[in-house]
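Here is the structure we will look at, set down as structure tokens.
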Amino acid sequence: MKRLLVLVALAVIGVTLLYGIGKMPPMDSRASPDKTHVVPRYLGHGEEEAGAKNIITGVILNYRGYDTMGEVSVIFSALCAVIAILDREKKGRSRSGVDASRVRTSLIVTTVVRFSLPVVMLFAVYTMLHGEPSPGGGFQGGAIVGASIILFTIVFGLAVSTKRIPPGARVPMESVNMLGFLSMGFIGLAFGVQFLTYILPGLGVAAAETVRKLMLDVIELGIGIGGGIIFISIVFSMIREDRYELQQDVP
Amino acid sequence: MNWTVNLLLMLFLLATAVVAITLKDLLAAVVVFSAYSLMMAMLWTQLRAPDLALTEAAVGAGVTTVLFIIVVYRTVRREDR
């Protein structure tokens, strides 16, 4: 009986969805609304409306700015959940498996990480700052920063990296992405235009251009640094093992 | 030339996806899943979505792999218990 009900419900949902698909314009057809309205608007007016040379950045930061704001708050709340359940690492007491291991890390691995980390970091900063005219952007750059620090942590151990990047330095930077995004959004309201507008009225052409670039850079750097630090904090609190737990393992 | 590369990438993508869900060993499955993400990143560049390719390579192949490995490291094999 239960199975029959499930089957009927699924069949009803499936038929409804298929009926909806039948009403949709065929895929890739020129008559579909996204081809007639969305694409011409984005490609034709994207630069002067959204204020970014790269249309994708314009869509992410302006046309669908609320969506990006939601994503930024999603990774922030992910960090909150991880911290609430697993707690932060403790200074001088938390370590990871690499610190506790009696086998030393291979010289090849440590040398390769030492040489590649600065290059990876440079690429991450480039990705963040060039998000406006070229592919990339804050989130991608932040993920690369996070991945590089995580690589450092799994090779050199949590004790070393938590000494280099202590919680006291990370906590203020974890909210930088939301704060930067919201404050840049409210600048638009202060000038009497919509939330998240980058081309402000009432300034000269040159001044408006400078302000637009500065605002976009602040947003990209904020999303990048905040996102990267959030990734790092999540991994640190997942990887940590406190010293008193480890002593039980050693006979 | 282009479509052969795409076909190879897609076949490899399909193979890694199937292997990742059929493997019994979780660590091996995570590694194969990372390879899946790398293939996906290359396909994104083929589809002219470099933004997504960067995200997929950094998050999919990098960060989530480490997170999965940490979680696998914290679990116990059922046979060993």
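In table form, for the structure just shown:
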{"read-out": "Peptide ranges A:10-19, A:144-153 listed from the most packed, as the mean C-beta count within 10 angstrom indicates", "value": "A:144-153, A:10-19"}
{"read-out": "3J(HN,Hα) from dihedral phi, segment B:4-17, Karplus parametrisation 6.51/-1.76/1.60, rounded to Hz, x for glycine, proline", "value": "5, 4, 4, 4, 4, 4, 5, 4, 5, 4, 4, 4, 5, 5"}
{"read-out": "Electrostatic dipole magnitude of the protein assembly as shown [Cβ: Lys, Arg +1; Asp, Glu -1; Cα centre; debye, to 20]", "value": "880"}
{"read-out": "Estimated vicinal HN-Hα couplings, Hz - segment A:56-71 in sequence order (Karplus 6.51, -1.76, 1.60; Gly, Pro = x)", "value": "5, 4, x, 5, 5, 9, 10, 4, 10, x, 5, 4, 4, 4, x, 5"}
{"read-out": "Cβ-based charge dipole, chain A, positive-most Cα from A:Ser32, A:Met238, A:Val6", "value": "A:Met238"}
{"read-out": "Cα lying deepest toward the dipole's positive end in segment A:59-249, options A:Ala169, A:Tyr66, A:Ser183, charges on Cβ", "value": "A:Ala169"}
{"read-out": "Among A:Gly51, A:Leu107, A:His130 - extreme Cα towards positive end, dipole of the protein assembly as shown, charges at beta-carbon", "value": "A:Leu107"}
{"read-out": "For segment A:188-221 versus segment B:12-78, the gap between their alpha-carbon centres in whole angstrom", "value": "39"}
{"read-out": "Acute angle (nearest 10 degrees) that the helix A:138-156 long axis makes with the longest principal axis of chain A, alpha-carbon atoms", "value": "10"}
{"read-out": "Built amide H within the under 5 Å cut-off of B:Leu23, gap 5+", "value": "none"}
{"read-out": "Point-charge dipole on Cβ atoms (K/R +1, D/E -1) for segment A:59-249, about Cα centre, debye to 20", "value": "660"}
{"read-out": "Under 16 Å from the Cα of A:Lys163 - lysines, other chains or at least 8 residues apart", "value": "A:Lys90, A:Lys91"}
{"read-out": "Directionally averaged projected area (convex hull, Cα atoms, chain B), nm²", "value": "5.5"}
{"read-out": "Solvent-accessible heavy-atom area per residue, rounded to whole Å², over chain A at 1.4 Å", "value": "59"}
{"read-out": "Cβ-placed point charges (K, R +1; D, E -1), dipole of segment A:1-139 about Cα centre in debye, nearest 20", "value": "840"}
{"read-out": "Cα-based helix-to-principal-axis angle, A:2-23 vs chain A, degrees rounded to 10", "value": "50"}
{"read-out": "Residues A:Asp28 and A:Arg102, FRET efficiency given R0 of 41 Å [Cβ-Cβ distance, rounded to 0.05]", "value": "0.10"}
{"read-out": "Under 5 Å, built H, 5+ apart or other chain: amide partners of A:Gly136", "value": "B:Asp51"}
{"read-out": "Under 16 Å from the Cα of A:Lys53 - lysines, other chains or at least 8 residues apart", "value": "A:Lys213"}
{"read-out": "Shape call, segment A:29-111: gyration tensor on alpha carbons, a/c limit 1.5", "value": "prolate"}
{"read-out": "Burial ranking of peptide ranges A:165-173, B:50-58 (average Cβ count within 10 Å, highest at the top)", "value": "B:50-58, A:165-173"}
{"read-out": "Taking chain B and dividing mean pair separation by its residue count, relative contact order in percent (alpha carbons under 8 Å, at least six apart)", "value": "27"}
{"read-out": "For segment A:55-153: rounded, prolate or oblate by the Cα gyration tensor [a/c cutoff 1.5]", "value": "oblate"}
{"read-out": "Accessible carbon and sulfur surface of segment A:129-204 relative to its total accessible area, %, 1.4 Å", "value": "73"}
{"read-out": "For the protein assembly as shown, the fraction of alpha-carbon pairs in successive 20 Å shells from zero, as %", "value": "24, 51, 24, 2"}
{"read-out": "GNM flexibility winner over chain A from A:Lys35, A:Lys53, A:Lys90 (Cα, springs under 10 Å)", "value": "A:Lys35"}
{"read-out": "In sequence order, calculated HN-Hα J values of segment A:73-78 (Karplus, 6.51, -1.76, 1.60; Hz; x Gly/Pro)", "value": "6, 5, 5, 5, 6, 4"}
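The values are calculated or read from the model by the stated rules, or taken from the named source; none is laboratory data. These numbers were taken from a predicted model, which means no experiment stands behind them. We place every Cβ from the backbone using ideal geometry, glycine too, and count neighbours over all the protein chains shown. For accessibility, only protein heavy atoms count, side chains too; no ligands or nucleic acids. Shrake-Rupley method; radii C 1.70, N 1.55, O 1.52, S 1.80 Å.
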